[in-house]
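Heads up, the thing below is written out as structure tokens.
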């Protein structure tokens, strides 16, 4: 991990479980607050980005907002895979998610959890919720692709006519710089635009703090286990099997119609990594009596930690989660 500003990950936490490189965190509120009485929520970030985008810094933290609202917040940290984790499969990832969620259920004494998945974490949760609907009191899809035919430029870049995931993963885990080069192609002028903005606002302390925190996180990515990567690209991006009901995990068909809990899908207006239509597809695929969509400003990361997240996203999450736990 890179040297980081001390302001990162501000919310106190403890590690409840370790599973390979992964950890299960429970966050602690300030003061004498009884967590046993707080409604539990379970956060699942992407496998290829550090978890702390959800607890980036004070004022720009999903975790901080939820904890301060009186919720019992748990989070799966996928950790950083080692070279030998090249054989860690998509099925292994779902099994790890299941173990972490079962431990959270056991620790909280609840039968079900409200679950928020972010980015690929939401995709994994949609698969898990279809296989284990009895564990979900509610599911929030925060910018997670479900219908990959609507995944925009990333879907085009991974088109099987010119993209061979198995060849890329043959050497082992897919390195962060390999994936970042693809994301940069979505916005080829981003680095130049960033430099101009930094020069223009160099004497603004608030901007510098925000910029440095986000840069530290953005440059602290982890590898994608090779086996899981090939499944993700082949079965989801290239063949779009999930939304078609043709995706299988451990011999079981993943049928999104099995999801019956309330669903909230959050789509960001300027998201090029997960265009809104790719995320909102889950709402018409499930059989939930309640499936809502919330559109928020910003892009794939800015919507979560940007200047408007505290006004738009965080209050909506808190309200929805508390309603599900009423």
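The values are calculated or read from the model by the stated rules, or taken from the named source; none is laboratory data. All values derive from a computational prediction rather than experimental measurement. With ideal geometry, Cβ positions are generated from the backbone for all residues, glycine too; neighbour counts draw on all protein chains shown.
Side notes on the structure shown:
- Residue match in region 102-109 (condition: modelled with pLDDT of 95 or more, crowded, with 21+ Cβ neighbours inside 10 Å and under 21 Å from residue 236 (Cα atoms)): no
- A residue that is surrounded by 20 or more Cβ atoms within 10 Å (Cβ to Cβ) and over 17 Å from the mean Cα position of the chain (by Cα) occurs somewhere in region 262-274.
- When region 130-156 is filtered for residues that are more than 15 Å from residue 243 (Cα to Cα) and either in contact with a strand residue (DSSP E or B) (Cβ under 8 Å, 6 or more places away or on another chain) or assigned to a strand (DSSP E or B) (or both), the ones remaining, listed by number, are 135, 136, 137, 138, 139, 140, 142, 143.
- Near pairs, Cβ below 7 angstrom, 6+ apart or cross-chain, from region 171-185 (on the phi > 0 side of the Ramachandran plot) to any residue that is at pLDDT 55 or above and part of a helix (DSSP H, G or I): 172/83; 172/86; 172/226
- Of all residues making up region 78-89, the number that are in contact with a strand residue (DSSP E or B) (Cβ under 7 Å, 6 or more places away or on another chain) and buried (at least 22 other Cβ atoms within 10 Å of the Cβ): 1
- Among the helices (runs of 4 or more DSSP H) confined to region 201-288, the ones with at least 1 residues that are at pLDDT below 95 are located at 205-218.
- Listed by first and then second residue, the pairs with beta-carbon distance under 8 Å, at least 6 apart or on different chains, first residue in region 296-313 and without any contact (Cβ under 8 Å) to a residue 40 or more places away in the chain and at positive phi, second outside any helix (DSSP H, G or I) and surrounded by fewer than 19 Cβ atoms within 10 Å (Cβ to Cβ), are 298/269; 298/270; 298/308.
- Contacts under 9 angstrom Cβ, first residue in region 155-166 being at positive phi and surrounded by fewer than 16 Cβ atoms within 10 Å (Cβ to Cβ), partner outside any helix (DSSP H, G or I) and at pLDDT 95 or above, 6 or more apart: none
- Criterion violated by residue 79 - all others in (1) over 22 Å from residue 142 (Cβ atoms); (2) in a loop (DSSP other than H, G, I, E, B); (3) at pLDDT 95 or above satisfied: (1)
- Residue in region 228-239 that is touching a residue at least 24 places away in the same chain (Cβ under 8 Å) and farther than 19 Å from residue 91 by Cα present: no
- Of residues in region 216-227 being surrounded by 19 or more Cβ atoms within 10 Å (Cβ to Cβ) and more than 16 Å from the chain's Cα centre (by Cα), the one farthest from residue 96 (Cα to Cα): 216
- Only one entry of 66, 97, 56, 71 meets the criterion of being in contact (Cβ under 8 Å) with a residue 24 or more places away in the chain, under 26 Å from residue 248 (Cα atoms) and crowded, with 22+ Cβ neighbours inside 10 Å, and that entry is 97.
- Set side by side, the residues 171, 155, 130, 137 differ, and just one is modelled with pLDDT under 95 and within 19 Å of the chain's Cα centre (by Cα), which is 155.
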